[in-house]
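Please treat every number below as a calculation from the coordinates, not as lab data. Because the structure is predicted, anything quoted here is derived from the model rather than measured. Note that we place each Cβ from the backbone using ideal geometry, even for glycine, and neighbour counts take in every protein chain shown.
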């Protein structure tokens, strides 16, 4: 099962390596990871989606993260209300013929065609897991050539 | 002040009396400043020896041990010693030189990414990039190494930083927003624990190295006597409780006593203090202590419910928690019947070995106990020698059994003994060794004699890598694969290092040799030619429940 965890960490060199190393050393899998500076430039915010077979492993991950000296706080969103979003960029097959169909898709989603050439359009979209999934299902009908995602960002409410 | 002077002044203010280490190109400024310093320096013959010596010093004194090496190979040679200290939660500060800051990442001569290499085996590590941070980093390093669950901290200092000038501003307080170990147990949890203890019929105390780290041995004794519960310990917990005490069950686990293992398996309440339910202790996890509720006192929250599910976790310093717990225990359980049962196991399954007139390793250790009147500090190597040293010497005080527990590092014992002897010069220090292990850091004999660090080495020489041979005998149909090991003439070897060498082949020679070693004002190495195929029993095969013994003498 996937769990979303956020971390406030010291914004220093090597911190990401410590966190990534902790996961690899203990055989935990990172599904996605997003990092950036916060309002306080000394502190970074990480959203990590982890795969954990059971609650025990999730607990261990949180405790081990908490033990790292550069980690300030660990928040587990599994049972905590929060808002999460992911940004997707994709190259979708494009033609003058399906232009309006493609534009129609984006009436239901937060996203748009950013630019297009004669045969390919770059689209962007933002949404939660479910929204992104159903958008991608629809885009698949057009044909997705390339897809990149930021990984999840999560913020408590 | 120059960076190197700032370093040494800071070490002095941290109370550092001795550094174990080895010079090299990227620590030249530090060694130049050492020339004028009154901090004692012990030059080992290998950086690994320096790390283990610092570790042994820390285990014997309770103070953080300090080791120092140059960049690249100097630093990588420390790695095993750092990992060893990490696994056993030993406070240590390792200082390494690094190539000049502007060369880092350049594959410069003797460059290695030491903070990268040691990240998973240190509690924390630092690369000093700005001379202004140096004092704060040293202060934090000692604080982190010595508090909470202790561990090694490494400081990597580029050589250009060592010669830069800066003001020396010693910070009185250390404030770290990200590091605040929990020291006091939750009162509600302690109350619940007291209730559970009062209701228990078959309680057992399971003590680990955390008792020794926290200095909680007195409180532990009071607890055991107050609730009249038998007490067992881990390898790291040896010395936390007097093994001569009537409630003492000895060590548990793979080579624990049969009665300790039976007792924990049949118990209805385990009070774990500063122990982490390691796989060598629990054996097969799903079969471990099926009837027991568990109270787990530990300073490290990540140790709790890691391997076994705990009913009442209490996070904090063992001593603080035991003091509070003792106040809360108003009703004590009636353990009369339980103690009778335990006594029955003690009588039925005593620790034993076959005394057939041959020179047995267990006999050597029994004799060592008698010859030293139980007053020696024992270090060990790893393997059969370590298990026999754990089983057959009777430890009665903390910090008297110094052994590589978690990592199981062969070659630990001799350099560790150096650290112990430097920290406790008035004590008799014996390294109980095997003929395999001793050859892994034998060069440190020179460190002993050159510095008049008079440690004694008792080699239980059986011509084998004994523990591996034992496993091959028991689980691989005696297909002895690369376990026969030859050795030099240890007597001549000792003499060539300027030490005294004694060879013992007969039972009756054991005691006189030990007496001679104790009374000789020099490093002494005794080569005990013991029974080659003696096994360590009892033994629980890996992956079995810990009451499933094999090998006859359970």
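Arrange the following residues from fewest to most other Cβ atoms within 10 Å of their Cβ: B:102, B:168, B:142. If you can, show how the numbers build up before the last one.
On the way: B:102 10, B:168 13, B:142 24.
With the fewest neighbours first, B:102, B:168, B:142 line up as B:102, B:168, B:142.
Can you compute the FRET efficiency between residue B:347 and residue B:180 using 1/(1 + (r/R0)^6), with r the Cβ-Cβ distance and R0 = 45 Å? Round to the nearest 0.05. List each step's numbers first, then the result.
Values: r = 49 Å, r/R0 = 1.09.
The calculated FRET efficiency here is 0.35.
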- Query: For labels at residue A:114 and residue B:480 in the simple 7 Å Cα→Cβ model, what's the distance in nm?
  - Reply: 7.0
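Could you work out the mean projected area of the convex hull around the alpha carbons of segment A:2-76, in square nanometres to one decimal?
Working: hull surface 17.5 nm².
One quarter of the hull surface, i.e. the mean projection, equals 4.4 nm².
Just from its helices, what would the mean residue ellipticity at 222 nm be for chain A, if runs of 4 or more DSSP H residues each count -39500 (n - 2.57) and the sum is divided by every residue, rounded to the nearest 500 deg cm²/dmol? Walk me through the intermediate numbers first.
Details: 4 runs with 45 residues, N = 157.
Computed ellipticity for chain A at 222 nm equals -8500 deg cm²/dmol.
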- Item | Computed [θ] at 222 nm, deg cm²/dmol, chain B (DSSP H ≥ 4; -39,500 (n - 2.57); rounded to nearest 500) | -11000 deg cm²/dmol
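Neighbouring Cβ atoms within 10 Å as the yardstick, rank B:96, B:447 fewest first.
Working: B:96 30, B:447 25.
Taking fewest neighbouring Cβ atoms as first place, the list is B:447, B:96.
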- Cα pair distances of segment B:361-529 binned at 5 Å [whole percent]: 2, 9, 19, 24, 22, 14, 6, 3, 1, 0
- Please quote Rg/Rh for the protein assembly as shown to two decimal places, taking the Kirkwood radius as Rh and restricting both calculations to Cα atoms. 1.04
- Item | segment A:1-128: Cα Rg divided by the 2.2 N^0.38 Å rule of thumb | 1.36
- Percentage of interatomic Cα-Cα distances in segment B:1-159 larger than 19 Å: 46
- Note on the structure: Ranked on Cβ counts within 10 Å of their own Cβ, fewest leading, A:128, B:156, B:337 go B:337, A:128, B:156
- Item | Two-site label geometry, residue A:25 and residue B:340: point separation in nm, points 7 Å out along Cα→Cβ | 5.1
- Coarse-grained scattering of segment B:353-434 at q = 0.22, 0.23 Å⁻¹, given as base-10 log I(q)/I(0) from a Debye sum over alpha-carbon atoms: -1.02, -1.10
- Item | Label-point separation, residue A:124 to residue B:328 (7 Å along Cα→Cβ), nm | 5.5
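Roughly speaking, what is the stretch gain from residue B:370 to residue B:356, that is 0.36 nm per residue apart minus the C-alpha to C-alpha distance, in nm to one decimal? All intermediate terms of the calculation are to be shown ahead of the outcome.
Working: separation 14, 0.36 × 14 = 5.04 nm, distance 2.03 nm.
Stretched fully, the residue B:370-residue B:356 segment lengthens by 3.0 nm.
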- Item | Cβ-Cβ FRET estimate between residue B:225 and residue B:38, R0 fixed at 41 Å, reported to 0.05 | 0.35
- Item | Semi-axis lengths, Å, segment A:82-156, gyration tensor of Cα atoms, sqrt of 5 times eigenvalues | 23, 12, 10
- Item | Helix A:55-67 axis, angle to chain A major axis (alpha carbon atoms, nearest 10°) | 70
- May I ask for the distance between the Cα centers of segment A:21-71 and segment A:121-139, given as a whole number of Å? 26
- Item | Cβ-derived FRET efficiency at R0 51 Å, residue B:520 paired with residue B:102, nearest 0.05 | 0.45
- Length released on extending from residue B:450 to residue B:218, taking residue separation times 0.36 nm less the Cα-Cα span: 79.7 nm
- Query: If you project the alpha carbons of segment B:238-385 onto the principal axes, what extent comes out on each, in Å, largest first?
  - Reply: 51, 33, 32
- Message: How compact is chain B by the rule of thumb for globular proteins, expressed as Cα Rg over 2.2 N^0.38 Å?
- Response: 0.98
- In degrees rounded to 10, the 0-90 angle between helix A:15-25 Cα long axis and the longest Cα principal axis of chain A is 90
- Task: Please determine, in degrees from 0 to 90 and to the nearest 10, the orientation of helix A:129-142 with respect to the longest principal axis defined by the Cα atoms of chain A, where the helix direction is its Cα long axis.
- Result: 30
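For residue A:79 and residue A:140, compute 0.36 nm times the residue count separating them, minus their Cα-Cα distance, and round to one decimal in nm. It would help to have the intermediate numbers written out before the result.
Details: separation 61, 0.36 × 61 = 21.96 nm, distance 3.22 nm.
Extra length available between residue A:79 and residue A:140 comes to 18.7 nm.
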